[in-house]
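The values are calculated or read from the model by the stated rules, or taken from the named source; none is laboratory data. The structure presented is a predicted model; accordingly, all values stated were derived computationally and were not measured. Here Cβ is always computed from backbone atoms with ideal geometry, including for glycine, and neighbour counts include all displayed protein chains.
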Amino acid sequence: MKQQRSQFRAIRGVRDILPPESALWNRVEQTAHHVFATYDFQEIRLPIFEETELFARSVGSDTDIVSKEMYTFQDPLDLDQLVKAYAEGGPNPYKKAFGREGLKAALWEVMPEFQWLTLRPEATASVVRAYIEHSMHTLPGDVKLYYMGPMFRRERPQKGRYRQFYQIGAEVLGQSDSPAIDAEVIEMLMAYLDRLGLSGATLYVNSIGCKECRPEYVAKLREELLKVKDQLGADSQRRIETNPLRVLDSKLEHEQAIIERLPRISDHLCAACREHFAELQAQLKLRSIEYKINWRLVRGLDYYTRTTFEITAPGLGSQNAICGGGRYDGLVELLGGPPTKGIGFAIGTDRLVLALQEAGKGESASHIDVFVAWLGRAESPVYAAAVKLTRQLREEGFVVELPPEEMKLKKSLGLADKLGARYALIIGEDEIASGSFVLKRLADSEQRKLSESELLNYLKSDENRKVAAAQRQS
Ligand code: AMP
């Protein structure tokens, strides 16, 4: 028999986000809420799992995601077992009416579409599903939504690539495909990265044409790829048939020179797509957004049209893409909705956090403002005064640590120091009697005696100085 394990560990490819890093995650998410709101985007909260078919149809069944990376399960997990439990669970009307096989058939009858569920590998499909389900096309103006949360893909784990990872994404759905929308979405993204203090990010843009001009380009690409088939790796060889555009994504060293010689989509865009791409670039310039054109930036799915973009950040090694996005004018229709234009992006939050840490913008300052070193027994008036004062300070927004049990002063100050607190507030019987407290700044041991109101004022003015200094630095 297998020995029982005495400990558990997080499974491969998933991880805990611990403090103090979680403070950085909060900052990243809060900043997204703030910045996106200024562009009039509203948050949509989506389910973590959906019908498998939704992703199969939208992401595409010949993508890596759908063909091998999805966490899919049957619900109920084991129909036979469910039927057995039901049948053995005592007298019930269904048992009599259907019998075992009849019951099974009846269950299939009522819930066939709920049988296969998938932990979402991305969220655009869910946004579009919700857009259609709630008839959002009837809302005035463009529908501008953003989301954040975990996604699941069974990829080979490495730095910056996980099986449970997080995305912050935004989508615009509506009737217009104006390049100004694309440019504003990109502007919002860059403003967001800027607000976070991320420097050195590079924006790449491309146009992959539309259903008028792309098929012709894809046919040409396939023709050229067939000529060099023998020199390509197995994946690319397979993609010549399934999805030649994806060959352009290849990172294989020996394929790079071959790919550089392949026909480029920019030479095959129809007039309307060429104009759209030129206007996008003009709109980016108007907004002083720097970009580079990367003709190999493709999204190998049929419903993607025209604009594609990607952002990379330094210091992340091979997994350096922190955001991918593009226009998907065909998706709403593909999922059964009315003709609708759409554009969106997804930022990989894990990688964004890594990039901020690499850029030295990941520090979160010591979070304890005041450590309350109280001296006396728990039933003494000292403790009661400490509890009251602690609550007052917290109401003013200070982070306060109040030890639950009595400690000797030396031990208390030692702990305050180890926790990185900025101040220790000493409260003993003498302080209660005199109505003034000792506030000790731990960085330089400077001490001052302050009454309750002086204490609050002093901490507040000190807080103002700290904020001003931080603003000067950034
Ligand atoms: P995609 O949905 O594939 O366009 O990915 C958008 C962004 O999500 C990428 O640029 C990455 O930053 C991030 N991402 C995708 N897959 C993973 C993963 N397995 N682990 C961490 N981040 C990921």
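Brief remarks on what is shown
- Subset of region 409-451 [part of a helix (DSSP H, G or I) and touching a Leu at 6+ places or on another chain (Cβ under 7 Å)]: L409, A416, D417
- Scan of region 267-279 for residues that are assigned to a helix (DSSP H, G or I) and either of a type in the set (V, I, T) or in contact with a strand residue (DSSP E or B) (Cβ under 7 Å, 6 or more places away or on another chain) (or both), ordered by number: C273, H276, F277
- Residue that is farthest from the ligand (Cβ to nearest atom) [pool: residues in region 263-316 that are at positive phi and surrounded by fewer than 16 Cβ atoms within 10 Å (Cβ to Cβ)]: S288
- Filter result for G376 (on the phi > 0 side of the Ramachandran plot and either surrounded by fewer than 16 Cβ atoms within 10 Å (Cβ to Cβ) or of a type in the set (A, V, I, L, M) (or both)): no
- Residue match in region 340-358 (condition: without any contact (Cβ under 8 Å) to a residue 40 or more places away in the chain and either part of a loop (DSSP other than H, G, I, E, B) or away from the ligand (no atom under 16 Å from the Cβ) (or both)): no
- Just one residue in the set I289, I258 is assigned to a helix (DSSP H, G or I) and not aromatic (F, W, Y); that residue is I258.
- Total residues in region 116-150, condition away from the ligand (no atom under 13 Å from the Cβ) and on the phi < 0 side of the Ramachandran plot: 20
- Considering (1) at pLDDT 95 or above; (2) more than 20 Å from L252 (Cα to Cα), the lone condition that E310 does not fulfil carries the number (2).
- Q392 vs. criteria within 16 Å of the ligand (Cβ to nearest atom), of a type outside the set (G, A, S), surrounded by fewer than 17 Cβ atoms within 10 Å (Cβ to Cβ) and not in a strand (DSSP E or B): no
- Failed condition for V127, given (1) over 17 Å from P338 (Cβ atoms); (2) buried (at least 20 other Cβ atoms within 10 Å of the Cβ): (1)
- Evaluation of L46 against (1) among the aliphatic types (A, V, I, L, M); (2) in a helix (DSSP H, G or I); (3) within 30 Å of P140 (Cα to Cα) (one fails), failing number: (2)
- For region 412-425, the criterion of being farther than 16 Å from V372 by Cβ and surrounded by fewer than 12 Cβ atoms within 10 Å (Cβ to Cβ) is satisfied by no residue at all.
- Selection within region 320-339: residues that are buried (at least 18 other Cβ atoms within 10 Å of the Cβ) and within 13 Å of the ligand (Cβ to nearest atom). The member of this set that is farthest from W25 (Cα to Cα) is Y328.
- Close contacts from region 310-338, counting a first residue that is farther than 17 Å from M188 by Cβ and part of a strand (DSSP E or B) and a second that is hydroxyl-bearing (S, T, Y) and within 9 Å of the ligand (Cβ to nearest atom), with Cβ to Cβ under 8 Å and a gap of 6+ residues or different chains, come to A321/T312.
- Qualifying residue in region 151-167 (condition: of a type in the set (A, V, I, L, M, F, W, C), touching a Leu at 6+ places or on another chain (Cβ under 6 Å) and within 14 Å of the ligand (Cβ to nearest atom)): yes
- Taken over region 397-411, the criterion of being exposed (fewer than 13 other Cβ atoms within 10 Å of the Cβ) and on the phi < 0 side of the Ramachandran plot is satisfied by P404, E405, K408, K410, K411.
- Between E255, E223, the distinction of being among the acidic types (D, E) and free of Cβ contacts under 8 Å to residues at least 12 places away in the same chain belongs to E223 only.
- Residue that is farthest from the chain's Cα centre (by Cα) [pool: residues in region 245-260 that are surrounded by fewer than 10 Cβ atoms within 10 Å (Cβ to Cβ) and of a type outside the set (D, E)]: A257
- Criterion (assigned to a loop (DSSP other than H, G, I, E, B) and farther than 29 Å from Q281 by Cα) met by exactly one of E155, E241, E223: E155
- Only one of the listed residues (S176, S236, S199) is more than 16 Å from the ligand (Cβ to nearest atom) and either assigned to a helix (DSSP H, G or I) or charged (D, E, K, R) (or both). That residue is S236.
- Test for Q283: is it touching a Pro at 6+ places or on another chain (Cβ under 6 Å) and either farther than 21 Å from V127 by Cβ or aromatic (F, W, Y) (or both): yes
- Flag if L455 is within 16 Å of the ligand (Cβ to nearest atom) and buried (at least 19 other Cβ atoms within 10 Å of the Cβ): no
- Contacts under 6 angstrom Cβ, first residue in region 123-140 being farther than 8 Å from L173 by Cβ, partner within 16 Å of the ligand (Cβ to nearest atom) and small (G, A, S), 6 or more apart: A123/G169; T124/G344; A125/S58
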